[in-house]
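Read the structure below first, then the notes.
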Amino acid sequence: MEIKWIGHNSFLIKNSFGKKILLDPMQIYPYIQKYDLSPDIITFSHSHNNEIINYYIDSNCKIINSALKYQDNHFRIEGFTSFRDNYEGFKRGENIIYIIEIDGFKLCHLGSLGHILDDDLISNLLDIDVLFIPVGGHFCLDGHSASKLASEIKPKYIVPMSFKTSSEYFYLDGPLKFLTSYKNIISYNSNIIYSQDLDFFNKQTVILLRQNNKEPLI
């Protein structure tokens, strides 16, 4: 399995058969020409712009944008309704959390989650191998809230997303507030994770990816 961070909340995940699922492509418009996306499935955590979607889809691409269950020969996906704020969606609307089973691994993408989850929903998010969690605050969880939630979900690996880098997303915080809660941090000089490089025995190890190996991690 290959996990590629495209930017912001978006990841392109490829399984051992070359089938690809694209997560949350709403804000990756500048990268369309940079990557050969051609996904088989696209998931959206909240409402989207159809004109932007047209850059990614073809007649065989499956769009998932609701809290449903979907399964084919390569992926099993289940969505859960949550919110993008602390006011049950009154300010920013609903958010969909996705659990994706691929190549025997269980991934969880929290989208643009903006609140701490209740125990009932957390009970559906256990036994996660890789958790993608927003940490930049302002329009999603901040670093402290994100670390608290991650400690309750207890995934094997945590990949922070939706945070300020040296060149983008100045309206968000950097990852430092989140990282200070963890001892086990792996800093990558790339934006790609390969499952064969991970042992999946350690609990709550943070993997910090970067888009550009010349920019600082924090």
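The values are calculated or read from the model by the stated rules, or taken from the named source; none is laboratory data. This is a predicted model, so every value here is computed, not measured. Glycine also receives a Cβ, built like all others from the backbone with ideal geometry; neighbour counts cover every protein chain displayed. Only protein heavy atoms, including side chains, enter the accessible area calculation; ligands, DNA and RNA are left aside. Shrake-Rupley method; radii C 1.70, N 1.55, O 1.52, S 1.80 Å.
Table: residues versus (1) modelled with pLDDT of 95 or more; (2) in a strand (DSSP E or B); (3) open to solvent by less than 10 Å² (accessible area, probe 1.4 Å).
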position: H74; (1), (2), (3): yes, no, no
position: I77; (1), (2), (3): yes, yes, yes
position: T81; (1), (2), (3): yes, yes, no
position: D85; (1), (2), (3): no, no, yes
position: F90; (1), (2), (3): no, no, no
position: N95; (1), (2), (3): yes, yes, yes
position: I100; (1), (2), (3): yes, yes, yes
position: L107; (1), (2), (3): yes, yes, yes
position: G111; (1), (2), (3): yes, no, yes
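If you scan segment 113-122, which residues turn out to be assigned to a loop (DSSP other than H, G, I, E, B), more than 16 Å from I158 (Cα to Cα) and open to solvent by less than 70 Å² (accessible area, probe 1.4 Å)?
We begin by selecting, within segment 113-122, every residue assigned to a loop (DSSP other than H, G, I, E, B); these are 113-118.
Subset that is more than 16 Å from I158 (Cα to Cα): 114-118.
The answer is G114, H115, I116, L117.
Per-residue answers, yes or no, for (1) modelled with pLDDT of 95 or more; (2) of a type in the set (A, V, I, L, M, F, W, C); (3) under 22 Å from N86 (Cα atoms):
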position	(1), (2), (3)
V135	yes, yes, yes
F139	no, yes, yes
K156	yes, no, no
E168	no, no, no
F178	yes, yes, yes
K183	no, no, no
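A Cβ distance below 6 Å, combined with a sequence gap of six or more or placement on separate chains, defines the contacts here; from segment 173-188, residues that are in contact (Cβ under 8 Å) with a residue 40 or more places away in the chain reach residues that are open to solvent by 60 Å² or more (accessible area, probe 1.4 Å) and part of a loop (DSSP other than H, G, I, E, B) in the pairs G174/K164; G174/I218; L176/I218. Flag: L208 does not match the condition of being open to solvent by less than 50 Å² (accessible area, probe 1.4 Å) and over 17 Å from the mean Cα position of the chain (by Cα). Only residues that are open to solvent by less than 40 Å² (accessible area, probe 1.4 Å), outside any helix (DSSP H, G or I) and over 25 Å from G104 (Cβ atoms) were counted in segment 177-203, giving 1.
Taking segment 172-192, which residues are touching an Asp or Glu at 6+ places or on another chain (Cβ under 9 Å) and within 17 Å of L149 (Cβ to Cβ)? Give the derivation first.
The initial filter retains those residues of segment 172-192 that are touching an Asp or Glu at 6+ places or on another chain (Cβ under 9 Å), namely 173, 177-178, 192.
Result: D173, K177, F178.
If you go through segment 5-19 and keep only what is under 17 Å from F44 (Cβ atoms), within 9 Å of the chain's Cα centre (by Cα) and open to solvent by less than 10 Å² (accessible area, probe 1.4 Å), you end up with N9, S10, F11. Screening segment 138-162 for residues that are part of a loop (DSSP other than H, G, I, E, B) and over 17 Å from S10 (Cα atoms) and picking the one that is least open to solvent (accessible area, probe 1.4 Å) gives P155.
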